[in-house]
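Beneath this line is the structure, given in structure tokens, with notes to follow.
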Amino acid sequence: MKLTIITAVLFLWAGSLSSQNSIDDVLRSVEANNKDLRANAQLIQSQKLESRLDNNLPDPTVTYSHLYGNKEGMGFTGEFIASQSFDFPSLYAQKHKLTKAKSAGLDQQASAFRQQILLQAKEICLDLVLLNQQKRLLEIRLQNAEQLSDLYASRLERGDANVLETNKIDLELLNVRTEARMNETARAAKLQELATLNGGIAIDFTDTAYVLTPEPPVFEELKDEVMEADPQLRSLRENQTIAARQLKVNKAKGLPGFELGYRMNPSSGGDRYNGFLVGIRIPLFSNRNNVKLAKAQRLYADMQLESTSFTVESGLRQLYTQSVSLKKSIDEYQDVLRSQNNIALLNKAIQAGQISMIEYFVDVTTYYQSVQNYLQLQNQYQKIMAQLYKHRL
């Protein structure tokens, strides 16, 4: 009976330490094809255009009135007015700065949305790596179960084994086949999720290795990097800038506006008056409470950034603690599994008749469960590392 499970496990260990770009290729494909990202890009563009509309000049106005006298011989008189109104010049400068701040804020929102989509795609890829590892492990288990089934079928014919032992092996064979089918179903579901994120384009992802992930630095270094680069926090900082600019705009709206124009008054007698029209608009009522509103919005932006920063830091600390604990468990499993060859000894013992079938399955089940735990820990660790470094996507 060939021994292949140890080789397979060592292959998975070696694969987990190799560096690949397959996940990066998937992320680039998702970024290019994801329909939500495309739609969001158009939304951001439209919102940027909308933010510029408030800084346009009002439309010029042209009016003409024609008046008739109520008695014969009075003739008529008319009035033609062409005018343009505009705000105090400094208001346009403040509105321009506000538009730039809003554009930067929208860019940060787009970056945060992009990061969310790519993190989702990366986590699916990490799950697929685990499922692909489990698939290979189940293939090895299935091969060993089939070889053991053939061995005991021959022994049963020779009278060296009983029906109970043969049935036990057949049941193990059935269990492994069922697990393999369930694993394949889970793989197909994850591949469908990945295709959905990729704009409906299927991706055949068969990697059994994780990209080499460096261990996180000390927490303070990681915190400084994340707090500076996190798109959500950067977006909230832009909101602070927007609120400050909006306050300046609202203050500038308290300055007077102006109107300039041309006026002409023709009449039936041939006389005509021409002249300029000059007007001033004093915002006694239209800007009431606008400054108070802007101050309240700026205070809200400050408090929102403070609250979100605390939440991000707290979540980061939890993830960091989990990563340290998982890394320790992974190292412990790795050391123990590397130093043992339980399957080799068990196979020799069962073939030599030194142990019973029940003893064999108790021990081999424990070993397989340990390997499965090791693979699950690796997957959890990789997902946490992906979340810790999501700002780098």
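The values are calculated or read from the model by the stated rules, or taken from the named source; none is laboratory data. Given the structure is predicted, the values throughout are model-derived calculations rather than measurements. Note that we place each Cβ from the backbone using ideal geometry, even for glycine, and neighbour counts take in every protein chain shown. Heavy atoms of the whole protein, side chains included, go into the accessibility calculation; ligands, DNA and RNA do not. Shrake-Rupley method; radii C 1.70, N 1.55, O 1.52, S 1.80 Å.
For this structure, a couple of remarks:
- The residues of segment 343-389 that are of a type in the set (Val, Ile, Thr) and at pLDDT below 75, listed by number, are Ile343, Ile350, Ile355, Ile358.
- Failed criterion for Leu91 (all others in (1) among the aliphatic types (A, V, I, L, M); (2) modelled with pLDDT of 90 or more; (3) within 42 Å of the chain's Cα centre (by Cα) hold): (2)
- One residue stands out among those in segment 32-72 that are farther than 30 Å from Phe88 by Cβ and in a loop (DSSP other than H, G, I, E, B): the one that is least open to solvent (accessible area, probe 1.4 Å), which is Asn34.
- Given (1) assigned to a helix (DSSP H, G or I); (2) open to solvent by 80 Å² or more (accessible area, probe 1.4 Å), number of the condition Ile169 does not satisfy: (2)
- Residues in segment 351-393 that are without any contact (Cβ under 8 Å) to a residue 24 or more places away in the chain, buried (at least 18 other Cβ atoms within 10 Å of the Cβ) and among the small types (Gly, Ala, Ser): 0 in all.
- Flag for Ile330 being at pLDDT 90 or above and under 30 Å from Thr365 (Cα atoms): yes
- Pairs meeting the criteria (first residue in segment 229-241 and under 14 Å from Ser103 (Cα atoms), second residue open to solvent by 20 Å² or more (accessible area, probe 1.4 Å) and among the β-branched types (Val, Ile, Thr), beta carbons under 8 Å, at least 6 apart or on different chains) are Leu236/Thr308.
- Only listed residue being touching a residue at least 24 places away in the same chain (Cβ under 8 Å), of a type in the set (Phe, Trp, Tyr), out of contact with any strand residue (DSSP E or B) (no Cβ under 9 Å at 6 or more places or on another chain) and under 30 Å from Gln382 (Cα atoms), chosen from Tyr320, Tyr300: Tyr320
- Residues that are in a loop (DSSP other than H, G, I, E, B) and within 27 Å of Gln372 (Cα to Cα) do not occur anywhere in segment 173-195.
- Within segment 241-281, tally of residues that are open to solvent by 70 Å² or more (accessible area, probe 1.4 Å) and part of a strand (DSSP E or B): 10
- Leu130 vs. criteria in a helix (DSSP H, G or I), within 19 Å of Leu346 (Cβ to Cβ), open to solvent by less than 70 Å² (accessible area, probe 1.4 Å) and of a type in the set (A, V, I, L, M, F, W, C): no
- Checking each residue in segment 175-192 for being open to solvent by less than 80 Å² (accessible area, probe 1.4 Å), farther than 13 Å from Asn132 by Cβ and in contact (Cβ under 8 Å) with a residue 24 or more places away in the chain picks out Val176, Glu179.
- Positions within segment 197-223 being surrounded by fewer than 16 Cβ atoms within 10 Å (Cβ to Cβ) and part of a helix (DSSP H, G or I), in sequence order: Phe219, Glu220, Glu221
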